[in-house]
Amino acid sequence: MTSITFQVKGMSCNHCVKSIEGALQEVGAAGKVDLAQGTVTVQYEEGKLSAASLKETIEEQGYDVVG
């Protein structure tokens, strides 16, 4: 498993956590949101998913991935 951490803007509540973690789970990744730090750490299988596709999954939920 590979792990990557994204800096994400616009997250503020438990709904944000559920939205992002649920969307990542649907594509086959395990996401952990840290509201205090404004980060999402994702564990995924390289070769099946890419950092770009994970970033897109988060952004499709209405959040801005920084960097």
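Values as computed for the structure displayed
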| read-out | value |
| --- | --- |
| Qualifying positions in the range 1-47 - touching an Asp or Glu at 6+ places or on another chain (Cβ under 9 Å), more than 11 Å from Y63 (Cα to Cα) and among the charged types (D, E, K, R) | K32 |
| Within the range 46-66, tally of residues that are loosely packed, with under 12 Cβ neighbours inside 10 Å and over 16 Å from M11 (Cα atoms) | 4 |
| Residues that are over 9 Å from the mean Cα position of the chain (by Cα) and surrounded by 13 or more Cβ atoms within 10 Å (Cβ to Cβ), drawn from the range 18-27 | S19, V27 |
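Every number here is computed from the coordinates shown, using simple stated rules; none is lab data. Keep in mind it's a predicted model, so treat the numbers as computed, not measured. A quick note on method: Cβ atoms are made from the backbone with ideal geometry, for glycine too, and the neighbour counts reach across all protein chains shown.
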